[in-house]
Every structure is written in structure tokens, then in C-alpha cells.
Ligand code: SOE
């Protein structure tokens, strides 16, 4: 079987999640290609060596440009902060490497446009790219999309989507890179709002065409960290300005005429990683919450009134998307499995010589929605999203 070497750039929270996926995917799924964990890249030699040992990588580099020159790397996985996505991903595509890039695709629409153009050009040469909207690969979410596509909900009328976290509710939580506009592009909007924009569009198969939104930064200054990694950090004594939103809310109209209500916040005290989506259609409804991620709730409007009610589908049967490769029914899956399924889908598409989804063009479209929400918040006007 052909082996494809992987070069992973970044080793904090997302780097660790992706490492787990590269390790698990070939062990649990019959993949058409064998991904090899060739090289882990990070700027601090000691730290990257330690991470590589722990996460199972064969070697390390301290400059991502070196990763692109290596013959044992055919796939580049970008898990760095958003301000480096465009440069690394474009250079990797130009070097003929397939690319998996963490979300949001970029920090601005302009960057995402260049990335999508580079991806289209590379695709013509058989070089593939994908943006990491991982939650698409949660079995209950993939099942939700199938049910909508089969027409079980009829005409979609409402989409209600929330992404609720609370990891910076403490005003003394340090000013990590996710709270800096020049590094992250935006705050809750891009980091977690991007996921619910993608999920709402993925499940419904529809696109958001207009938005009206508001952004808020509740805590304007925070301690500058002496060190930080992933979501954690150590607060120093100096303070700096928070330059991104803490919370974003917006109304949306979809192409089909469906109405959407979206909320992304890092200030939902007590909510850790609650991605809640409810969709109401003329024939039924679906509801999902990532904090109970194996369950999909389904209401069939065709049921008799005597029996009608939300049905609790435990998406752990072999018939459910991705599940057959794992455990017997009822033996639950978790956060990391979505990343593993993402690797499975990417590697399968590469082997089948087709472009995987979500594409960089999909990432660009999400970026346009995010930018329209920002613009709407600044101008207090509804904004259109160009197709
Ligand atoms: C932080 O909010 C974060 O790590 C996001 O960046 C991820 O995309 C999400 O999966 C979990 O939360």
C-alpha cells in the first residue's frame, strides 16, 4: 500500500488532536493509503522534540519551510494560529503537498480568497486541500445531514445554532493568541462561530445570504501571559488590550428563505463546549448538543398525536456514519473521533483522486459570512453575502 508522509505544523491543543487522529485512523479504518507520521514542526526545538516523542512523530523540524522540502512529506497539516494559515498553506500547495488547514481558513476574506485560488490551481495538478471543520464528522451531525437530504424534515423554516464556551469568563484569564486580532482574525466569531456557520450550512445543504449581527468584548484588558499553549496560560503582571470579540450574535436569512439565529460566546458560564443546533422543517425537527454528542433528537411531524414527541437516536449503531469501524452499539464516541474521521475522509479523497470537502472555497464562503457579521455590527445594517 502506498504510504503518504504527514508533516504537522503546530503541537498545542489542535496539534495534539490531529496527532491522535493520524495515529488512530489507519488503526481503526481500512484506509486506501497509509498515512505515516513523518514530522512534527514547531519553533522551540526542545518543546517540539518533547511533543513529537509524546504524540508519536518520527522526527522534528523547527522551520515549516523545511517540512515542504522533505520527500517523506506528501500531506501538510496546518495547526498554527490563523495569521500563518495563508502563507503556510499556499506554499505547501505550491510545493505539491496536499493540505489540511485548521479553521477558520484565514483571518480575512482577502487571505481566504488567495488560498481558495491556490487550492483550485493545485487541484488541477491533483493536489488536494481541505479545511478542518471537524464537527461535520461527528456521527450524529453526519446523520442529521443525511436525514435532511432524504427530505425527512421537509422544507426548512428555522435554524437555531449556538456555540457556547466559558473558558475566559474569568477577567484574569490571560491574553492568549485567540484574544489578539492580528493573530486570530476575530474572537468567538471566527474561532467557534465559524463552526456553527459551517454546520448549519452543511446540515441544511443551504447557504446564508444575509446577516444582521452584534459583537461585544466584555473584558477589554487582560494580563499578558508569560507562557501559553492551547487554551491554557500563565498570567503575567502586565496587561494588554483584548482586540477581538468575546461574543457574537446574529440573525440570518438562508437562500431557501429559512431563518437563522446564531450565538457564539466564550462567556456562557457553565457551558464548556456546547454546540447546539435545532432545525425545524415542515415535516419534522432535529436537535443536537455537542455536550451530549452521541445523541440526535428527531421529531417526525407525521407521527400520530398520541405518539408524537422527540425521539432520542443514539448514533452509535453500525449503520450510522463512521461508527462501524469503532465499538459495539452504545459504546460512545468522543471529541477526538471527529478528527479521526476527518483524516479518513481526507486520505480516502486523495486515494480516489478527488477534492475532499469542506474545500478551501467552502472555507472562503464561511469567511465571507463572518466578515459580513463584523460589518453589520460596525454599521448596524443588514449585510448581503456574495455567492
Ligand atoms: C477554542 O475555542 C476551541 O479549541 C476551538 O478553537 C476549536 O475549534 C473547538 O473544537 C474547541 O474549542
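Listing for the model above:
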{"read-out": "Number of positions in segment 321-334 that are part of a loop (DSSP other than H, G, I, E, B) and either over 17 Å from residue 134 (Cβ atoms) or out of contact with any helix residue (DSSP H, G or I) (no Cβ under 9 Å at 6 or more places or on another chain) (or both)", "value": "7"}
{"read-out": "Residue count, segment 300-342 (criterion: at positive phi and loosely packed, with under 14 Cβ neighbours inside 10 Å)", "value": "2"}
{"read-out": "Count of segment 217-245 residues which are in contact with a helix residue (DSSP H, G or I) (Cβ under 7 Å, 6 or more places away or on another chain) and within 11 Å of residue 175 (Cβ to Cβ)", "value": "4"}
{"read-out": "Residue check for residue 131: assigned by TED's automatic domain parsing to the domain that holds residue 259 and at pLDDT 95 or above", "value": "no"}
{"read-out": "Of all residues in segment 93-111 being part of a loop (DSSP other than H, G, I, E, B) and in contact with a helix residue (DSSP H, G or I) (Cβ under 6 Å, 6 or more places away or on another chain), the one that is nearest to the ligand (Cβ to nearest atom)", "value": "103"}
{"read-out": "Some residue of segment 335-351 being under 16 Å from residue 143 (Cα atoms) and assigned to a loop (DSSP other than H, G, I, E, B)", "value": "no"}
{"read-out": "Some residue of segment 52-69 being touching a strand residue (DSSP E or B) at 6+ places or on another chain (Cβ under 6 Å), surrounded by fewer than 23 Cβ atoms within 10 Å (Cβ to Cβ) and either under 30 Å from residue 316 (Cβ atoms) or in the same structural domain as residue 283 (by TED's automatic domain parsing) (or both)", "value": "yes"}
{"read-out": "Residue within segment 145-158 that is surrounded by 22 or more Cβ atoms within 10 Å (Cβ to Cβ), within 22 Å of the chain's Cα centre (by Cα) and modelled with pLDDT of 95 or more present", "value": "no"}
{"read-out": "Flag for residue 119 being over 16 Å from the mean Cα position of the chain (by Cα), crowded, with 24+ Cβ neighbours inside 10 Å and either assigned by TED's automatic domain parsing to the domain that holds residue 178 or away from the ligand (no atom under 15 Å from the Cβ) (or both)", "value": "yes"}
{"read-out": "Pairs with Cβ under 7 Å, 6+ apart, first in segment 176-200 and on the phi > 0 side of the Ramachandran plot, second in a helix (DSSP H, G or I) and at pLDDT 95 or above", "value": "185/82"}
{"read-out": "Matching option when the condition is at pLDDT 95 or above and either more than 16 Å from the ligand (Cβ to nearest atom) or over 20 Å from residue 335 (Cα atoms) (or both), among 25, 16, 21", "value": "25"}
{"read-out": "Positions within segment 137-189 being farther than 30 Å from residue 206 by Cα, part of a helix (DSSP H, G or I) and more than 15 Å from the ligand (Cβ to nearest atom), in sequence order", "value": "182"}
{"read-out": "Failed item in (1) within 16 Å of the ligand (Cβ to nearest atom); (2) in contact with a helix residue (DSSP H, G or I) (Cβ under 9 Å, 6 or more places away or on another chain); (3) closer than 29 Å to residue 384 by Cβ, with residue 192 passing the rest", "value": "(2)"}
{"read-out": "Hey, residue 42 in contact (Cβ under 8 Å) with a residue 24 or more places away in the chain, under 24 Å from residue 125 (Cβ atoms) and out of contact with any strand residue (DSSP E or B) (no Cβ under 7 Å at 6 or more places or on another chain) or not", "value": "no"}
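The values are calculated or read from the model by the stated rules, or taken from the named source; none is laboratory data. The shown structure was predicted, so the numbers you read here are calculated from the model rather than taken from an experiment. No Cβ is skipped: glycine too gets one built from the backbone with ideal geometry, and neighbour counts run over all protein chains shown.
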